[in-house]
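What follows draws every value from the coordinates through simple rules; no lab data is involved. Since the structure is predicted, the reported quantities are computational estimates derived from the model, not experimental observations. All Cβ positions, even for glycine, are placed from backbone atoms using ideal geometry, and neighbour counts span all protein chains on display.
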Amino acid sequence: MPINQSDLDEVALSRAEYEAIVDRLGREPNPLELGLFGSLWSEHCGYKHSKPLLRTLPGESDRMLVSPGAENAGVVDIGDGLAAVFKMESHNHPSFIEPHQGAATGVGGIMRDVFTMGARPVANLNVLRFGAPDHPKTRYLVGGVVSGIGSYGNCMGVPTVGGQTSFHASYNGNNLVNAMCVGIAPADRIFYAAAGAIGAPVVYVGSKTGRDGIHGASMASAEFNEDTEEKRPTVQVGDPFTEKLLLEACLELMATNSIIGIQDMGAAGLTCSSVEMADKGNAGMDLDLDAVPQREAGMSAYELMLSESQERMLMVLKPEAEARARAIFEKWELDFAVVGRITDTGRLIVRKDGKVQADLPVRPLSEEAPLYHRPWNETPQRPTIAAADVPAPNSINDALLTLIGSADLSSRRWIFEQYDHLVMGRTVQRPGGDAAVIEVPDRPGKGLAVTTDCTPRYCQADPFEGGKQAVAEAFRNLSAVGARPLATTDCLNFGNPERADVMGTFVGAIKGLGEACSALDMPIVSGNVSLYNETNGRAVQPSPQIGAIGLIGDLDRTAQIGFGGTQHTVVMIGDGIGHLGASLYLREVAGREEGAPPPVDLAAERRHGDFVRGEIEAGRITCCHDISDGGLLVALAEMALASGIGASLAMPHENLPAHAFWFGEDQGRYVVAVEGDGAALQDAANRAGVPTLVLGLTGGDALTVDGASPISLGTLRETFEGWLPRYMAGEPA
Amino acid sequence: MDAPVKPEHDNVGVGSAMKAAIVVFPGTNREVDMKDAFERAGARAVMAWHGDAQVPECDLIVLPGGFAYGDYLRCGAMAAHSPIMKDVVAKANAGQPVLGVCNGFQTLVEARLLPGALLKNASLAFVCRDVHLRLEHAVKPLTGNLAEGEVIRVPVAHGDGNYFADGETLRRLEGEGRIVFRYVAGPGEPEARANPNGSTADIAGIVNEKGNVLGMMPHPEDATGPRQQSLDAVPLFAGIVEALS
């Protein structure tokens, strides 16, 4: 029977892919089998457009306990017998269609990826990119996404300690919600997907299966159009309470040496988890769908296999452990059902109502997804804009107030106060600084620093430099709190890869990420790709998001962004040419989005970061902030606001226009404030080949720049804190 | 690092330090924070499972923060009907000290050990930030070594902390000195930001008539550790431990 195009569209497969399936099976697949292929060969599960490129990223390191991509999350040795397990993942498409549930289930999914490996989640972060503030849908999306993230993380009792939020018209039709979770596990007790011995029981635990989220993986692998609203039923509904029980039950069982393999049911639900487990064990699996706990009556095999109902896990148990495992899950009042057995057939056989519904070889499903080397166009180079060609503001003071009161630079307090960022009692640095810092449970004095970074407007301007910059800024944020950068995860958000220009941004960004990760010794240990973030042919800004973790050996030797006292000397580490291309000054003050982004000198980045970290570790710097969006003066204003201490600052030379000096976004720079005149610091920096510049002294309750009239901290605070609450209260952007 | 969720039955009387029994419901999530705070103050702390009929023998019963039963129905409503709560109510009525924080306060109210109700925050949003509390009336041993009139900085983290009671109840609470903690503005903080949830009369914590059951929304347990941003609640825990050891 010839298959028609609409059936293929339903499962997001191309005609060529269909023919490849027929070829491998030696027959036409039935509708259920076609659905299974559609999900597993989707970009979301099969990475068919991205895998060849992802293989070029540096992932090897002696710190790594698991090779990248092989498992749910990356696993990194943090010493003292512990491992950090972490990953970032997108939930962009669902969060646009139904922001509260879409974001909530994104958070739930990433936490399952972490605790399925045996780690207790200890920190959550999230990256949110919304459309222009004056777009009619933006306010609704911000409110829904933030409440969704809060509802899930707060109930789970995992602190949400950091992230990024920004606004740009390119996200009007596709917001981005990237959730990151970091967990801690005993280094010698990491759990994987695995199949084990023939006959071992395949066990389903957690929530019952309903009809929600069917085709979620395929949805996330196609563009949006006018009919997107109709996709609401493909968004899952989250139940954080059940996930909290699932977390506790899984960790309790994991302590008992009962599990052979475990895999959470995320994208493509039972299909993906069962195929992955069978494949990892070079085995087969017989599944009996009648045994699957079901929320509604009359569900078809297709619905049961492709449902993305949340809070479910699939495990292969040691046969003798079944009773013990059942008792634990019953104690936590969760469903526990033996739904299948491991076989040696190499086939996935799905039965329902006593009949075989699907009978497929495992290998083609999981590993033979087609790979595409898409044609791509190099992103054209933009001209570098000379500082002298960018108009000066009315005054430096006015420009500062414009910037810190803008949508992208104003305070995120309205967001992070809706997240419980203190539960577990180990939050050492709260949201609002460079990297968030938590104390490692049961290891007093040992800290883990976490950050998320990417500057999409740089990536738009130059994907390669933008990719480098995302990693460099993560390196800088970790170094600024005195943490040694350990490893990264990525979440690569792009438009439709079938368009050569979009593919070109993807290729360029990956090259940049790879180069920076190698130069800064921050291997990528896990990751996620989200393509097709595009509506009616308009793609989001390339957003290769980086999440990174670093280690602080002694929490008594760390730094934070607030000035530590008055009459401290303010010193800039690093130097620049006042780069204003693709800067926020150019966009917010001059109203232009153009020019090449600031180039990243990775050798200088590393030298400056290593110097700053060394000074922090030696106890000589306790106040430090990296310079990023908005440039030097924005960083200084944030330091003043964080401490309630003002400063008197002056540009020490006349080599640059003042607005380029204060608002340029040159890379590889930090600001520190130290007791005394800073001479010792400058000497040490000289010896390390690191440039420094003394800017002034802390003190008073105002910021005074180049002798102009002082801006009171009260005015600064009102401007900085005011924008987001006013906007969310309904005031025009 | 695994949360100790299983009850531990050790013998009271080993050593002289007081023993706190921290009740864990499905969905409780600040039991470790609470255990840490008591242990830092020199107490012993054990977890008690909600499904048990009896609280282990102890000097103090603690209902910690979290989302017991997912806060479904109403915050604390289902937890108040957990098997262990019969024993908690009996022991409270017999005079044993009971401390309920956040979700624990909500549960004490649902169990009718404390009057009033905790409504959704006036902002309709969850709020996590530092607040300032003034100790209005010292109630021994539960307010520890805090001095009357003393202001402490501690965090809140809740969606339903908006304390409400009818006029008659409020007059009694006020008249009998049972409003223990009130939200006040911190140094330099605008008045409007003092109360994080819109609670009636800025109430943050109250006690029962006998003074042995204290419920409060803020989290003093998260203001006791050397890496936490405030140590202001150290005297609270130190005083409880001194009094009950």
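Quick notes on this structure:
- Across the range A:27-43, rounded Karplus estimates of 3J(HN,Hα) from the backbone phi angles (6.51 cos²θ - 1.76 cosθ + 1.60, θ = phi - 60°) give 6, 6, x, 7, x, 5, 4, 5, x, 5, 4, x, 5, 6, 9, 5, 4 Hz, Gly and Pro being marked x.
- Within the range A:483-512, backbone nitrogen closer than 13 Å to the virtual label 7 Å beyond the Cα of A:Ala688 toward Cβ: A:483-484
- Förster radius 51 Å - calculated FRET efficiency between A:Leu371 and A:Ala650, Cβ distance, rounded to 0.05: 0.35
- The count of lysine pairs in the range B:19-244 whose Cα atoms are under 18 Å apart, excluding pairs fewer than 8 places apart on the same chain, comes to 6.
- Per-residue HN-Hα couplings for the range B:203-210 [Karplus 6.51, -1.76, 1.60; θ = phi - 60°; Hz; x = Gly/Pro]: 6, 10, x, 9, 10, 7, 4, 6
- Cα-centre dipole for chain A with unit charges at Cβ (Lys and Arg positive, Asp and Glu negative), debye to 20: 720
- Taking every alpha-carbon pair under 8 Å whose residues sit at least 6 apart, chain A reaches a relative contact order of 15 percent.
- Angle of helix B:31-40 to the longest C-alpha principal axis of chain B, folded into 0 to 90 degrees and rounded to 10: 80°.
- Helices in chain B, meaning DSSP H runs of at least 4 residues, each add -39500 (n - 2.57). Divided by all residues, the mean residue ellipticity at 222 nm is -6000 deg cm²/dmol.
- Mean-position separation - Cα centroids, the range A:139-203 and the range A:327-359, in angstrom: 26
- In this rough spin-label picture, where each label sits 7 Å from Cα along the Cβ direction, the B:Leu124-B:Ala201 distance is 2.9 nm.
- Rounded to the nearest whole Hz, the Karplus-based 3J(HN,Hα) values (6.51 cos²θ - 1.76 cosθ + 1.60, θ = phi - 60°) of the range A:99-106 follow the sequence x, 5, 5, x, 6, 4, 6, x, with x at glycine and proline.
- Cleavage-rule hits (chymotrypsin sites (Phe, Trp or Tyr not before Pro)) in the range B:12-109: DSSP loop, at most 16 neighbouring Cβ within 10 angstrom: B:Tyr72
- When the trypsin sites (Lys or Arg not before Pro) in the range A:136-201 are filtered for DSSP coil states and for at most 16 other beta-carbon atoms within 10 Å of their beta-carbon, the remaining sites are A:Lys137, A:Arg189.
- Our summary gives the range A:588-729 a relative contact order of 31 percent, counting only alpha carbon pairs under 8 angstrom and 6 or more residues apart.
- Given R0 = 30 Å, the distance between the Cβ atoms of B:Asp52 and B:Leu73 translates into a calculated FRET efficiency of 0.85.
- For chain A, with +1 on Lys and Arg beta carbons and -1 on Asp and Glu, the positive-most of A:Cys623, A:Leu403, A:Val202 along the dipole: A:Val202
- Label-reachable residues, the range B:106-135, where backbone N falls under 16 Å from a point 7 Å from B:Arg40's Cα toward its Cβ: B:130-131
- Within the straight-line cut-off of under 18 Å between alpha carbons, the lysines reachable from A:Lys208 are A:Lys244, A:Lys331, A:Lys352, sequence neighbours fewer than 8 places apart in one chain being disregarded.
- Number of partner chain Cβ atoms within 10 Å, mean per residue of B:224-235: 3
- Distance between modelled label sites at A:Lys51 and A:Asp134, nm, 7 Å Cα→Cβ extension: 4.6
- Cβ-derived FRET efficiency at R0 30 Å, A:Ala327 paired with B:Lys86, nearest 0.05: 0.75
- Projecting the Cα atoms of B:Pro83, B:Pro155, A:Leu304 onto the charge dipole of the protein assembly as shown, computed from C-beta unit charges around the Cα centre, puts B:Pro83 farthest toward the positive end.
- Each of A:Gln5, A:Gly340, A:Met728 was placed along the dipole of chain A (beta-carbon charges, centred on the mean Cα), and the one lying farthest toward the positive end is A:Gly340.
- Centroid-to-centroid separation of the range A:86-126 and the range A:423-499 [C-alpha atoms, Å]: 17
- By the rule of a C-alpha distance below 15 Å, with chain neighbours fewer than 8 residues away ignored, the aspartates and glutamates paired with A:Lys446 are A:Asp77, A:Asp80, A:Asp554, A:Asp556, A:Glu617.
- Among A:Phe661, A:Phe96, the ranking by other beta carbons within 10 Å of each residue's beta carbon, starting with the fewest, stands as A:Phe661, A:Phe96.
- The range A:233-320 - percent relative contact order, Cα under 8 Å, separation 6 or more: 49
- Between A:Thr384 and A:Asp80, the contour length at 0.36 nm per residue exceeds the alpha carbon distance by 104.6 nm.
- Spatial separation of Cα centroids for the range A:625-658 and the range A:268-317, in angstrom: 55
- Judged by the mean number of other Cβ atoms found within 10 Å, the most tightly packed of the peptides B:18-27, A:495-504, A:517-526 leads the ranking B:18-27, A:517-526, A:495-504.
- Neighbour-limited loop hits for GluC sites (Glu not before Pro), the range A:640-733 (at most 10 other Cβ within 10 Å; DSSP other than H, G, I, E, B): A:Glu654
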